[in-house]
Amino acid sequence: MELFEHLGLGFGVAFLPLNLFYCFIGVLLGTVVGVLPGLGPLATIAMLLPLTFGLDPVQSLIMLAGIYYGSQYGGSTTAILVNLPGESASAVTTIDGYQMALKGRAGPALAAAALGSFFAGTVATVLVALVARPLTSIALSFGPAEYFSLMVVGLISSIALASGSLLKALAMICFGLLVGLTGTDIYTGAPRFTFGQFELLDGISFVALAVGIYGIGEILRNLEGKEGSAPVIAKVKSLWPSVDDLKRMIAPAVRGTAIGSLLGVLPGGGALLSSFVAYNLEKKTSKNSAEFGKGAIEGVTAPEAANNAGAQTSFVPMLALGIPSNVVMALMIGAMIMQGIQPGPNVVVSNPEIFWGLIASMWIGNAMLVVLNLPLIGLWVSLLRVPYWIMFPAIIAFSCIGVYSVSNSAFAVYTVTIAGVIGYFLIKLDCEPAPFVLGFVLGPMLEEHLRRAMLISGGDLSIFVTRPISAALLIVAVAVLFVVSRPNIAKRRQEVFVEEES
Amino acid sequence: MISDRKDAAAGLFFIAAGLLYGGIAWFMLPIGSALRMGPGYFPIVLSGLLVLLGAAIVARAFVHAQEMPFGAVPWRALGLISLATTVFAAFIEDLGMIPGVFVTTAIASLAGRKIRLSRVLVASALMAVFCTLVFSYAVRLPIPVIGPFFSGW
Amino acid sequence: MRAVLKFLATAILTVGVAAPLAAQENYPERDITIVAPYPPGALTDGVARLLQPKMAEKLGGATILIDNKTGAGGALGVGQVVRSKPDGYTLVMAVNAPIVMAPSLQASLPYDPETDLKGIGTIGETYLSLAVPADSPIKTVDDVIRMAKENPGKMTFGSAGIGSAHHIAGELLNKYAGIQITHVPFQGGAPAIQNLVGKQIDMSYGTLPTVHTFVESGDLRIIAMAEPKRVASHPDIPTVNETVQGVETSTWLGFFAPAGTPDEIVSKLNEALNYALSQPDVQESMEKLGLVPRPSTPQELDELVAKDLDFWAKAIETAGIPKQ
């Protein structure tokens, strides 16, 4: 059994005491920083990234994976407790998670998130071990045309993340792609869209952009209200889920895992997409569907499981093809590159201990997450008592420090301000930010591969449909576009979001 | 008669952004050909698309009669929060972690609905101490605890 | 209110007094970043990582980080270093192309190598090869010319980017053989070679260290060297020059700081570099990579840059390769 051999190699690497230690440190720090409001997984990873510089490649990636899971759980914690999603994927968790917290059931909600994530992580680890190798061999047949089409699929899928009109989501993608091109043209070195700003030659900092749109934008929306403070929270009843709660978690966890594993492989927001899809599916199939939106434990378990499974399987396209399937992966790639590893088909051959060690450490990271966090639920719940008049200035201070330390420049903090204000008004105009952010990330890569594909084909656009993989991917893109544009689905998407807002 | 102002505004924003980026690409960047795309080619295609989508959104605003409330804009909060982040960016190197975070948090606190001086001071002091412990000592960010601005004292 | 103020004052004093005093030691007193303007796995990155521990040792155990900043044939990374503070903490290791060739090939280079960069020392030199997939019908440079004439505008060659030695070699062959093979720039030599292995392009130039492993694994075949004369380590591989006069390039690696970096720091770095280059295990690894160590003084590197800038400006003008 090749699979066990590989997993054996992986666990052999991951179970080395030193590696276990780094994994633990990663999970711990990730959770602690991720639980600070305003610091989503992205900012957390970016901030803790320098800690991994001095380590060797295996250790640093293991620690980063730990940070990633820790920060993601930390992000879910703030989503449940203060209704502040640290990233778009946990936006769904806020719907029922926050309602549970308001009813004094923050403890069970946090437990559901941790257990659902652990289950999903276990299954997805095995899946990744099974699928990554074959996918890697296909990867070499991916030329510029295939990469281009793949990214188009990702961009189109991101529309499903946005509520409201299809046209606006498409426009946000285009706008994001354009803003993403800011900086220096990677072919000719020509400066573009820098508006005379010297700092923009290296492009706009992604972390700054995301913190501005999600962090500052969210605060401004909260301060719209009459009170400008968090609503009243019911007394905390019990910290642990009841037997009935546990029973209700099983089926949603399984379904969420399946959805997350499948969509996570899809580059370009697959993992983000999965939590939304899982939530919708649960809502349609659950016999408790009336409770959804009012604090159903299924509504926390399913998206969290899907989210984590997706996070796990999103390593596949990164390791096999070297393209980030979500924004956190983009940072992981940066970290790998910093270690001298070019993510891509060669990793599994040239650095098998890194490849399989990373996969094994994913599971260990998940296990540690449960061990570490279940006893700490009480502590996190007590965060609910922090009044909003401390909370929102704290979020702003954390965001500033996070962004400043990541880029070491004042300019990035100005970017936060500008992105926050523009993002806030766009959201007010019912333009969802998720497609914009994805376009921003994929913009330069999309252009790079488009231009290269054109050079190889002699300027013939038909290369995208004559190459079978590329053609198949484009068909998928068209199908997704068709599905999301059908009126009833569009309406259903809207329902999810209207409830989230109310 | 525009029936959905929000759609109209969003559409106009996209048209403006498209024209801005398209204009820069058209006038300032080499465009090249479909075979050898210059740095301006892809941006022009995208800007064109953005203008078209923006126009479609504006057009739809005339047809749809679905006025959704825009809601209040918290202008004071917007201004104060922008000021807080700007002050942080401009002065953190000079002020250092403790005073910098204190000032930033204090300005941001004023964005709240009900302002009480004691609350502002408590929140700011708490944050200054907490951030210094976490970021200066634990994570060891290269921001001075007390900046050079105070070194003359 | 008074309680609040008192609390505040105590808190600030406690934390403030504990503030670590700024270290007043000499350079280096914090992490040094060396920008390698190509992706990992390629020549520059490999060399930088090879030298990193030995240089760190000589610099009193300083931490040296390697930052791969790719794009525009290396000009993006060099540009980033040029724009950073000349304090010795942001440096660049690069092949000669973005320093001495790109100025004659890239229309919008964001720096002037002569006034914006200060040489620390040369590292070594290597050789540029022309490779094809192992099962390609192309066996010789003559095959390349024949097939390019049979399929005008259909064939492609990969390079490490606009302004790279790869790019110059390909365009020189196009000019002097009267053919038209389309130039496909990648973000460095390694991705170009990977795409060649995946047969996305017909042929690619690549430095020996980059191509080497794929030749050994049986994926690629070197058909010629784009060098003035045959390479001592591979005497059986012909040069492109033997078939088409004038198709030759040179590849050396240099270590640079932004102009304005204090002389003491430059000479410290030069010492560290030459110390690393003199280590037997480093020399052995460089040899395995296909790289010949060439230590120098900072002045020698500056002179080499000036000389090569001139040489390539003339060579590119004579061949009539347009700026892009």
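The values are calculated or read from the model by the stated rules, or taken from the named source; none is laboratory data. Note that the structure is predicted; figures quoted are calculated from it, not measured. Note: ideal-geometry Cβ built from the backbone for every residue, glycine included; neighbour counts use all protein chains shown.
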Some residue of the range C:59-77 being in contact with a strand residue (DSSP E or B) (Cβ under 6 Å, 6 or more places away or on another chain), in the same structural domain as C:Pro295 (by TED's automatic domain parsing) and within 19 Å of C:Ser250 (Cα to Cα): yes
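Can C:Ser104 be described as in a loop (DSSP other than H, G, I, E, B), touching a residue at least 24 places away in the same chain (Cβ under 8 Å), more than 10 Å from chain A (Cβ to nearest Cβ) and not aromatic (Phe, Trp, Tyr)?
Values: in a loop (DSSP other than H, G, I, E, B): no; touching a residue at least 24 places away in the same chain (Cβ under 8 Å): yes; more than 10 Å from chain A (Cβ to nearest Cβ): yes; not aromatic (Phe, Trp, Tyr): yes.
For C:Ser104, the condition - in a loop (DSSP other than H, G, I, E, B), touching a residue at least 24 places away in the same chain (Cβ under 8 Å), more than 10 Å from chain A (Cβ to nearest Cβ) and not aromatic (Phe, Trp, Tyr) - is not met.
Report, by residue number, each residue of the range A:363-409 that is small (Gly, Ala, Ser), free of Cβ contacts under 8 Å to residues at least 40 places away in the same chain and touching a Ser or Thr at 6+ places or on another chain (Cβ under 9 Å).
As a first pass, look at the range A:363-409 and keep what is small (Gly, Ala, Ser): A:365, A:367, A:378, A:382, A:394, A:397, A:399, A:402, A:405, A:407, A:409.
Going one step further and asking which of them are free of Cβ contacts under 8 Å to residues at least 40 places away in the same chain, we end up with A:382, A:397.
Within the range A:363-409, just A:Ala397 meets the criteria.
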Among (1) over 30 Å from C:Asp31 (Cβ atoms); (2) in a loop (DSSP other than H, G, I, E, B) - the single one C:Met147 does not satisfy: (2)
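Would you say A:Ala419 is facing chain B (nearest Cβ under 9 Å) and buried (at least 18 other Cβ atoms within 10 Å of the Cβ)?
Details: facing chain B (nearest Cβ under 9 Å): no; buried (at least 18 other Cβ atoms within 10 Å of the Cβ): yes.
No; evaluated as a whole, the condition is false for this residue.
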Test: residue in the range B:6-14 that is more than 7 Å from every other protein chain (Cβ to nearest Cβ), of a type outside the set (Val, Ile, Thr), surrounded by 18 or more Cβ atoms within 10 Å (Cβ to Cβ) and in contact with a His (Cβ under 9 Å, 6 or more places away or on another chain): yes
Near pairs, Cβ below 7 angstrom, 6+ apart or cross-chain, from the range A:169-190 (away from chain C (no Cβ under 14 Å) and surrounded by fewer than 24 Cβ atoms within 10 Å (Cβ to Cβ)) to any residue that is part of a helix (DSSP H, G or I) and not hydroxyl-bearing (Ser, Thr, Tyr): A:Val179/A:Phe440
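For every residue, the table says whether it meets (1) within 24 Å of A:Leu166 (Cβ to Cβ); (2) in contact with a Ser or Thr (Cβ under 8 Å, 6 or more places away or on another chain).
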| site | (1), (2) |
| --- | --- |
| A:Leu442 | yes, no |
| A:His449 | no, no |
| A:Arg452 | no, no |
| A:Ser462 | no, no |
| A:Arg467 | no, no |
| A:Leu473 | yes, yes |
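Out of B:Leu133, B:Leu83, B:Leu126, B:Leu35, report the one residue that is in a helix (DSSP H, G or I), over 30 Å from A:Leu28 (Cβ atoms) and either free of Cβ contacts under 8 Å to residues at least 60 places away in the same chain or more than 7 Å from every other protein chain (Cβ to nearest Cβ) (or both). Talk me through it step by step, then tell me what you get.
Details: B:Leu133 fails: over 30 Å from A:Leu28 (Cβ atoms); B:Leu126 fails: over 30 Å from A:Leu28 (Cβ atoms); B:Leu35 fails: in a helix (DSSP H, G or I).
On inspection, the qualifying residue turns out to be B:Leu83.
Every residue, every condition in (1) crowded, with 24+ Cβ neighbours inside 10 Å; (2) closer than 15 Å to B:Ala108 by Cβ; (3) more than 13 Å from chain B (Cβ to nearest Cβ); (4) within 24 Å of the chain's Cα centre (by Cα), yes or no:
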{"residue": "A:Ser350", "(1), (2), (3), (4)": "no, no, yes, no"}
{"residue": "A:Glu353", "(1), (2), (3), (4)": "no, no, yes, no"}
{"residue": "A:Ser361", "(1), (2), (3), (4)": "yes, no, yes, yes"}
{"residue": "A:Met368", "(1), (2), (3), (4)": "no, no, yes, yes"}
{"residue": "A:Cys431", "(1), (2), (3), (4)": "yes, no, no, yes"}
Number of the exception - A:Val437 against (1) over 18 Å from the mean Cα position of the chain (by Cα); (2) hydrophobic (A, V, I, L, M, F, W, C); (3) in a helix (DSSP H, G or I): (1)
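Give the residue that is surrounded by the most Cβ atoms within 10 Å (Cβ to Cβ), with candidates limited to residues of the range B:88-105 that are more than 7 Å from chain A (Cβ to nearest Cβ) and out of contact with any Leu (no Cβ under 9 Å at 6 or more places or on another chain). Explain how you work it out, then say what you get.
Residues of the range B:88-105 more than 7 Å from chain A (Cβ to nearest Cβ): B:91, B:93-100, B:102-103.
Keeping just the survivors that are out of contact with any Leu (no Cβ under 9 Å at 6 or more places or on another chain) gives B:91, B:93-96, B:98-100.
On the way: B:Phe91: 17, B:Glu93: 15, B:Asp94: 14, B:Leu95: 23, B:Gly96: 23, B:Ile98: 26, B:Pro99: 20, B:Gly100: 31.
The extreme case among them is B:Gly100.
If a residue counts only when it is modelled with pLDDT of 70 or more, which helices (runs of 4 or more DSSP H) contained entirely in the range A:262-377 have at least 2 such residues?
Working: elements: A:270-285, A:298-313, A:315-321, A:327-338, A:347-350, A:352-373.
Qualifying helices (runs of 4 or more DSSP H): A:270-285, A:298-313, A:315-321, A:347-350, A:352-373.
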Some residue of the range A:375-393 being buried (at least 24 other Cβ atoms within 10 Å of the Cβ), in contact with a helix residue (DSSP H, G or I) (Cβ under 7 Å, 6 or more places away or on another chain) and within 11 Å of chain B (Cβ to nearest Cβ): yes
